[in-house]
1. What order, most packed first, do the peptides 44-53, 57-66 have when packing is the mean number of other Cβ atoms within 10 Å of each residue?
2. Can you tell me the relative contact order of the chain? Whole percent, Cα pairs under 8 Å, sequence separation 6 or more.
3. What FRET efficiency comes out for residue 175 versus residue 2 if R0 is 45 angstrom and r is the Cβ-Cβ distance? Round to the nearest 0.05.
4. Which pairs in the list 56/204; 7/178; 178/266; 136/178; 57/136; 178/204 are over 32 Å apart, alpha-carbon to alpha-carbon?
5. Subtract the Cα-Cα distance of residue 115 and residue 206 from 0.36 nm times their separation in residues, and report this length gain in nm to one decimal.
6. Considering only 5, 98, 127, whose Cα is most displaced toward the positive end of the charge dipole of the chain, charges sitting on Cβ of Lys, Arg (+1) and Asp, Glu (-1)?
7. For the range 82-147, what is the convex hull (Cα atoms) projected area averaged across all directions, in square nanometres?
8. Treating only the Cβ atoms of Lys and Arg (+1) and Asp and Glu (-1) as charged, compute the dipole magnitude of the chain about its Cα centre; round to the nearest 20 debye.
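We did not get these values from a lab; they are worked out from the coordinates using the rules stated. Predicted model, so just to flag it, every value in this text is computed and none were measured. Cβ coordinates were reconstructed from backbone atoms using ideal geometry, including for glycine residues, and neighbour counts include every protein chain displayed.
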Amino acid sequence: MMLALAKYQALGNSFLVLDQVVARGRSRRFEALARRLCDPAYGVGADGLLVLSGSKKQYRVDVYNGDGSWAEQSGNGVRIAAMHLHNTGRLSGRSFELRTGAGMSRLTVSSGTRLRRIITASLGRPNFEVDCIPVKCSGQYFINHPIRLDGRPVLASAVSIGNPHLILFCRSFQFDWKTAGARLETASIFPERINVGFVVVRNKTTIEVRDWERGVGATESSGTGAAAAVAVAIVLGLVSRTVDVHCPAGVLTVTWDEATDQLFIKGPVEFIGAGLFTDGPRARC
C-alpha cells in the first residue's frame, strides 16, 4: 500500500503527517504503522506520527509516538498539523480549532511561508491534581514532592498538559539527565508513564529545558514539555506569566494567560518534505 506522507519539524521535534484517511480515535493499525514509519533505518525516521481525520467542519489530530504508543496531545504536533492543513488549503483562515485526544486546541498562523511559519497553539488549563496526571501519592497535588533518584532525594513536580509531565529544577545540565529521564519515565508511581523535563531558570522571563519524552526518549524540544515547565515554575513563583523557553533547537514562547487561564505556546514550524511510502514487508521511503 502506498502512503502519502509529509514531514515537518518544530524546533527539532519531527513528525510525519498522514492525512486523507478515515479514522476515529486510536487504532492498533496506526500504532504499528508509527513504529515502522518512525524507524530511522527501515522507515522514514521521526519522533512521531500525526494522523489527521475528519473534515473541514472539524479536523482531528491523533498523536502516535515513535514506539507506537498513543499520546493525548503534542504541542509541537498540533502546530505541525495546523501548518499542514494550512499549506494544503484544507484550512485557509489564520485562526481555527483542531480536536486532539485532550480536547480542542485553538491555532493561530502568523508570519511565514509554506516552508516556515510561526504558529501559536492553545493547550488548555494545566491540571495539578494527582488523579488527573496520574500519580500514585497520598496528597492532592505533587508539587515540590521528594523522590529518590540514583539513591538521593530530589524535589519534583507533576502536572498534566493533556498529557503527564514531571518537572525537576536543576543548576545545570552537567549530569546524565537522559538516564535519569529514562528511569523516571517508567517509575512505578506513574501508572501511565510520564514525560520528564529538566529545567534551569535563568531569570524571570527565561528558562532552559531538556526533555525526555514518554515513548520517544530525548528530543530537541517538546511543546507540552515547555508549557509544563513554565506552569510549574509560575506556581513556584520562579518566573513571570510569559517566558522564553530555550531548548537545544531554539526558543518557544510560553504564556499562561491570567484572564483565560489557558496555556499558549508560540514558535516556528518548518516543512521538510513529502513523498510516497510503500507500507510493505521491506518498506522504504
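1. Values: 44-53: 22.7, 57-66: 20.4.
So the peptides 44-53, 57-66, ranked by packing, come out 44-53, 57-66.
2. Numbers: 681 pairs, mean separation 58.6, N = 285.
The value is 21 percent.
3. Working: r = 46 Å, r/R0 = 1.02.
In this case the efficiency is close to 0.45.
4. On the way: 56/204 41 Å; 7/178 26 Å; 178/266 26 Å; 136/178 23 Å; 57/136 39 Å; 178/204 26 Å.
In this structure, 56/204; 57/136 exceed 32 Å between Cα atoms.
5. On the way: separation 91, 0.36 × 91 = 32.76 nm, distance 2.77 nm.
Gain on stretching residue 115 to residue 206: 30.0 nm.
6. The residue sitting most towards the positive pole is 5.
7. Numbers: hull surface 26.0 nm².
Its Cα hull, projected and averaged over all orientations, spans 6.5 nm².
8. Working: 34 positive and 24 negative charges, 124 e Å.
Approximately 600 debye in magnitude.
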